[in-house]
Amino acid sequence: MYFNLEVHICIEGTRMLSKGRFATRKKSEIPLVAYQIVRDIKRETGYRTTLIEKVIVNGTEDITDEVKKIECMPIPPLDNIFW
């Protein structure tokens, strides 16, 4: 499944728009792809203070809240992993 994605973010007061065409297997994976884009931008800009302002799919569907939930999820503990 292909979709168009627009990510509006603010990095230390400077607003930025990143957009493109991406692919996923399921529609439920779209917020994860959007978060990966935000994470890549953070990495490229030196992990400066970054605010997600808006995430739009196919020009109409706003998934900003879903992406922010992923960003705020705690890292799972490694205690239960068996090597």
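With unit charges on the beta carbon (Lys/Arg positive, Asp/Glu negative), name the residue among Met73, Gln36, Asn4 whose Cα is farthest towards the positive pole of the charge dipole of the chain.
The residue sitting most towards the positive pole is Asn4.
How high is the FRET efficiency between Asn4 and Leu78 when r is their beta carbon distance and R₀ equals 41 Å, given to the nearest 0.05? Present the calculation step by step, with values, prior to reporting the outcome.
On the way: r = 37 Å, r/R0 = 0.89.
That pair, Asn4 with Leu78, gives E of 0.65.
With only Lys, Arg, Asp and Glu charged, each at its Cβ (+1 for the first two, -1 for the last two), find how big the charge dipole of the chain is about the Cα centre; round to the nearest 20 debye. Don't jump to the answer; show the numbers that get you there.
Values: 13 positive and 12 negative charges, 44 e Å.
About 220 debye.
In nm², what is the average projected area of the convex hull enclosing the Cα atoms of the chain? List each step's numbers first, then the result.
Numbers: hull surface 27.5 nm².
Computing the convex hull of the Cα atoms and averaging its projections yields 6.9 nm².
Using only helices, what value at 222 nm comes out for the chain when you add -39,500 (n - 2.57) per DSSP H run of length 4 or more and divide by the total residues, to the nearest 500 deg cm²/dmol?
Rounded to the nearest 500, it is -9000 deg cm²/dmol.
What full-extension length gain, to one decimal in nm, is calculated for Glu29 and Thr14 as 0.36 nm per residue of separation minus the Cα-Cα distance?
2.6 nm
Where the centroid of each part is defined by its Cα atoms, how far is the range 1-23 from the range 25-83 in Å?
Their Cα centres are 12 Å away from one another.
Here, each number is a calculation from the coordinates, and none is a lab measurement. Keep in mind the model is a prediction, meaning the values are calculated, not measured. Positions of Cβ are generated from backbone atoms using ideal geometry, with glycine treated the same way; all protein chains shown enter the neighbour counts.
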